[in-house]
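Written out below as structure tokens is the structure these notes cover.
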Amino acid sequence: MRYSIADFKVGDSFDEIFVVKGSDVKTGKTGKHYLAIDLSDASGVAGGKKWDLYPSERDFIYGLKPGDIVRVAGRIGEFNSTIQLNIERISPLMAGEAIDRSELYKTAPEASEDMYDYIMSRINAFEDEDLKKLCLSFYEDNRERLMYYPAAMRNHHAEYGGLLYHVKRMMMMGERFCEVYPFLSKDLVLAGVALHDIEKLNEILSDENGMSPGYSRDGQMLGHLVMGAIVIDARCRELGISEEKAVMMEHMVLSHHYEPEYGSPKKPLFPEAELLHYLDMVDAKMFDFEDTLNAVQPGEFSEKVFQLDNRKLYKRTF
């Protein structure tokens, strides 16, 4: 039976197969080189150090890259109240060694095809033909990549099919908000949801397992908010969509992070844009709560969660 990252306990030994999330050979205070590495499986991510690097390992360790599958052995330690792997041995897989990809890659809990079909059904129900054809054009053009793309390099929805999962749950919430607040344009809310992160497809790099090694050049220099506004503007011109609708859609994308320090040059200036921000925040936070507590026993607290302001989360017993 696999000893997964979610099962790790301080003091235990391990010898398992993992996916490299990121790695770097660093220099310690004494001038000695060591390996700092993040390893992942379907249950989570753990950081580790290999303090002794031998000449026979040099080419392999310096050549490690995100997405590589490796066998790692060592002991589970702790640093700053967080699990840290003290790695004794790291090696490539043996020729012909079997792997179970469902154990190695984190995946959204619903089939990508089902999530895509749900999103398309909501878009096809739009009464506004302009918003319908705008959203359909992006989802039809990008269907293949949407099947596996994560919504982030790490943190919320950083998993196979994560972008579709994020959009689907936001759409489900958005529809219910529009029932409570009928003055809102449901089509505009759901169109904003559909396209708010669409340029993560070009901001984030990803392999077909939903593993991201980092960001593209444009992703680092512009980010998905600016990239999204640019492609929406161009697509609206191409489709003959009115300037008002184009600007409102661009504004929704640009403002959904809300604060300048998170990349938004403007705060939302109409209610559908304001709601988009909160739908995005709620789904991201609920994902982080759920994902963290999945690895916690009832009645216990989690380790500190960086993306939730370093809070230790409690898991209820009932």
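Descriptive notes on the structure:
- For the stretch 83-103, the criterion of being of a type in the set (Ser, Thr, Tyr), farther than 25 Å from residue 160 by Cα, within 27 Å of the chain's Cα centre (by Cα) and not in a helix (DSSP H, G or I) is met by none of the residues.
- Residues that are in contact with a strand residue (DSSP E or B) (Cβ under 9 Å, 6 or more places away or on another chain) and open to solvent by 60 Å² or more (accessible area, probe 1.4 Å) within the stretch 110-161 comprise 154, 160, listed in sequence order.
- Within the stretch 1-15, being open to solvent by 30 Å² or more (accessible area, probe 1.4 Å) and either without any contact (Cβ under 8 Å) to a residue 24 or more places away in the chain or farther than 19 Å from residue 302 by Cα (or both) holds for 1, 2, 3, 13, 15.
- Only a single criterion out of (1) among the polar types (S, T, N, Q); (2) open to solvent by 60 Å² or more (accessible area, probe 1.4 Å); (3) on the phi > 0 side of the Ramachandran plot is not satisfied by residue 30, namely (3).
- Screening the candidates 301, 270, 318 for the property of being at pLDDT 95 or above, aromatic (Phe, Trp, Tyr) and more than 28 Å from residue 135 (Cα to Cα) yields one hit, 318.
- Hits in the stretch 302-317 - residues which are in contact (Cβ under 8 Å) with a residue 12 or more places away in the chain, in contact with an Asp or Glu (Cβ under 8 Å, 6 or more places away or on another chain) and among the basic types (Lys, Arg): 315
- The stretch 88-104 - residue that is open to solvent by less than 70 Å² (accessible area, probe 1.4 Å) and at pLDDT 90 or above and, of those, nearest to residue 14 (Cα to Cα): 90
- Residues satisfying the stated conditions in the stretch 240-286, i.e. under 17 Å from residue 227 (Cβ atoms) and not in a helix (DSSP H, G or I): 256, 257, 263, 264, 265, 266
- Taking the criterion of being in contact with a helix residue (DSSP H, G or I) (Cβ under 8 Å, 6 or more places away or on another chain), in contact (Cβ under 8 Å) with a residue 60 or more places away in the chain and closer than 26 Å to residue 20 by Cβ, the residues of the stretch 207-243 that qualify are 209, 210, 215.
- Residues of the stretch 247-270 classified as exposed (fewer than 13 other Cβ atoms within 10 Å of the Cβ), hydroxyl-bearing (Ser, Thr, Tyr) and in contact with a Leu (Cβ under 8 Å, 6 or more places away or on another chain), total: 0
- The stretch 287-301, subset touching a residue at least 40 places away in the same chain (Cβ under 8 Å) and hydrophobic (A, V, I, L, M, F, W, C), residue most open to solvent (accessible area, probe 1.4 Å): 295
- Matching residues, the stretch 172-185, being part of a helix (DSSP H, G or I) and surrounded by fewer than 21 Cβ atoms within 10 Å (Cβ to Cβ): 172, 173, 175, 176, 177, 178, 179, 180
- Scanning the stretch 28-59 for residues that are more than 26 Å from residue 101 (Cβ to Cβ), in contact (Cβ under 8 Å) with a residue 24 or more places away in the chain and among the basic types (Lys, Arg) yields a single hit, 49.
- Residue count for the stretch 61-77, restricted to those that are open to solvent by 60 Å² or more (accessible area, probe 1.4 Å) and out of contact with any Asp or Glu (no Cβ under 9 Å at 6 or more places or on another chain): 2.
- Total residues in the stretch 48-58, condition under 12 Å from residue 91 (Cβ atoms) and open to solvent by 40 Å² or more (accessible area, probe 1.4 Å): 2
The values are calculated or read from the model by the stated rules, or taken from the named source; none is laboratory data. Here the structure is a predicted model, which means the values were calculated and not measured. So basically every Cβ, Gly included, is an ideal-geometry build from the backbone, and we count neighbours across all protein chains shown. Note: areas computed on protein heavy atoms with side chains; ligands, DNA, RNA excluded. Shrake-Rupley method; radii C 1.70, N 1.55, O 1.52, S 1.80 Å.
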